[in-house]
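Read through the structure below, which is laid out as structure tokens, and then see the notes.
Nothing in this text is a laboratory measurement; each read-out follows from the coordinates by a stated rule. Not measured: the values here are computed from a predicted model. All Cβ positions, glycine included, derive from the backbone under ideal geometry; neighbour counts span all protein chains shown.
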Amino acid sequence: MDSLDYPAYNIYGISYGTNLALELFRHYEENAGADLPALRSSIIDGNVPPNVDTRGGQALIVPQNILRVFEDCESDEACGAAFPTIRQRAIDLIRQAAEAPLESGDETIGVDDLRKVMGIALEFQTDDSGSNVTGIGAAYLPLMVAELENGRSD
């Protein structure tokens, strides 16, 4: 801003730009009293918090959320009773599928298929009318693991 010779400026950050804005605020706080251009106003829209690794950590978000679904099930009294140790059972099922595809009737389910279905389960979409939600949903994941353990894929 000094190079542009602006006495004051506004910040508007969207998505990753919010991370830059937060870093700018940190810089201003750490350098209080320094001869910095005045920051007149700021808007942060769609915050990306500083603790989120925007350089590659997002690849872990889906697997972490899938594991969280299983942890939430285990901590829920009814779900935990119906699907005990479901988090570890899901991990074991993925390992098993990685070693050899799961056989279920006429179907063969590979590890990539299993990961894809688990990831898609976290996505909810609406149909063209916008009124009906489609997708299997995260709530189905514990039952899906239990069924696949028993050779059922229907």
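For the pair ASP112 and ASP35 in one chain, pulling the backbone fully straight at 0.36 nm per residue adds 22.2 nm over the alpha carbon distance. On the basis of the beta-carbon distance and an R0 of 22 Å, SER42 and SER15 show a calculated FRET efficiency of 0.90. Between ARG26 and ILE61, what is the FRET efficiency for a Förster distance of 22 Å, r being their Cβ-Cβ separation, to the nearest 0.05? It comes out at approximately 0.35.
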